[in-house]
Amino acid sequence: EGQLHFSLQNWILLAAGLLAIVVGFMALARGSTVAAPLLLVLGYVVLIPLGIIR
């Protein structure tokens, strides 16, 4: 009880979220004003929470 049991789907979602965040910050460093925020929001608000909750 009280332990998190992550399945393969959880790990895939977490990895996709981390990848979206890294690519988002790389795009931000290049001056992107559209793709970077979208990727960062996708990673932080959608993929990482889904990876934890599912």
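Computed from the coordinates by the stated procedures, all read-outs in this text should not be read as laboratory data. Quantities reported herein were computed from a predicted structural model and do not represent experimental measurements.
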Computed over the chain: longest principal axis from alpha-carbon atoms vs helix 8-29 long axis, angle to nearest 10 degrees, is 20
Where the convex hull is taken over the Cα atoms of the range 8-53, what is its projected area averaged over directions, in nm²?
2.6
